[in-house]
1. Residue 105 passes all but one of (1) farther than 22 Å from residue 145 by Cβ; (2) surrounded by fewer than 22 Cβ atoms within 10 Å (Cβ to Cβ); (3) within 16 Å of ligand 1 (Cβ to nearest atom); which number fails?
2. When region 69-84 is examined, which residues are found to be on the phi < 0 side of the Ramachandran plot and over 16 Å from the mean Cα position of the chain (by Cα)?
3. What tally of residues in region 163-214 results from selecting those that are exposed (fewer than 15 other Cβ atoms within 10 Å of the Cβ) and touching a helix residue (DSSP H, G or I) at 6+ places or on another chain (Cβ under 6 Å)?
4. Failed condition for residue 64, given (1) touching a helix residue (DSSP H, G or I) at 6+ places or on another chain (Cβ under 6 Å); (2) within 13 Å of ligand 2 (Cβ to nearest atom), with all others met?
5. Determine, yes or no, whether residue 35 is under 26 Å from residue 172 (Cβ atoms), buried (at least 22 other Cβ atoms within 10 Å of the Cβ) and touching a helix residue (DSSP H, G or I) at 6+ places or on another chain (Cβ under 6 Å).
6. Filter region 48-80 down to the residues that are surrounded by fewer than 24 Cβ atoms within 10 Å (Cβ to Cβ) and within 12 Å of residue 101 (Cβ to Cβ), then identify the one that is farthest from ligand 1 (Cβ to nearest atom).
7. Can you tell me which residues in region 146-159 are surrounded by fewer than 16 Cβ atoms within 10 Å (Cβ to Cβ) and away from ligand 2 (no atom under 13 Å from the Cβ)?
8. If residue 124 meets every condition in (1) within 29 Å of residue 43 (Cβ to Cβ); (2) surrounded by 22 or more Cβ atoms within 10 Å (Cβ to Cβ); (3) touching a helix residue (DSSP H, G or I) at 6+ places or on another chain (Cβ under 7 Å) apart from one, which number is that one?
Ligand SMILES: [Zn+2]
Ligand SMILES: [Zn+2]
C-alpha cells in the first residue's frame, strides 16, 4: 500500500495520498492547499485519483479540493452533516484567518456513518465523529485510521469554532477511537501520526475516558 503524507498550507495540514501499486487506484484525503504539488506527487507515484475525501470542511482541509477535482475528474466525498460548514468554508477562511481559498465544489457523494469505501485499494468504514465540526468523519481501515482533527499526538481537536462542542468530541473519541485496537495507527490532520495505545496511555485529554462501544 502506498501512503504519502504532505504538509500543506499556512497551518501545515496533513494531506494524505493513498494508493494501490498494482492497480494504480489512488485517493486523496484532506487536500488543504497546493493542488499542483498533490498532483505532481500522485503522478510520481503512478496513481490515478479516484476519490477526494475531506474529513471535514475547515478551509485547511478542503482548500485544494476544487483544483484537484477539476484536474482529475475524481468525485469529492464529504459527510452529509458537513454541508453547511462547506458552504461557508471559503468565507470563514477569509473572515477569520485572512486567507483566500478556492470555493470548494459541492460534494459528488454525501457520506454517513457505516458507509464502506474502497480508497486506494483498501477498504475503509466511515464513522461520524462530531465535536470539532458537526460533520467530521473518520475513515477506519485495517490497522490504520484517518482521523482528521479529532485526536492528535498528545492533544485533541479544538472545539471553539462554529459547531464545535467539547463533550461531543470526547464522546466521539470514546465511541470510535478508543474502541480500536491499541496498535491502530492514527493519521491526523496536524502533526505526527500516533497510535490508539499511545493516546490512550499518554494523551492528557483522554485520561479517565473509557471506550464506549455501541454505535
Ligand atoms: Zn479542523
Ligand atoms: Zn485542521
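1. (3)
2. Those that are on the phi < 0 side of the Ramachandran plot and over 16 Å from the mean Cα position of the chain (by Cα): 69, 70, 71, 72, 74, 84.
3. 1
4. Against the list (1) touching a helix residue (DSSP H, G or I) at 6+ places or on another chain (Cβ under 6 Å); (2) within 13 Å of ligand 2 (Cβ to nearest atom), residue 64 comes up short only on (2).
5. no
6. Per the stated criteria, the residue is 67.
7. Hit for region 146-159 is 154, nothing else.
8. If we test residue 124 against (1) within 29 Å of residue 43 (Cβ to Cβ); (2) surrounded by 22 or more Cβ atoms within 10 Å (Cβ to Cβ); (3) touching a helix residue (DSSP H, G or I) at 6+ places or on another chain (Cβ under 7 Å), just (3) comes out false.
The numbers here are math on the coordinates, done by the rules we state, and not lab data. This is a predicted model, so every value here is computed, not measured. Here the Cβ is made from the backbone with ideal geometry for all residues, glycine too, and neighbour counts use every protein chain on show.
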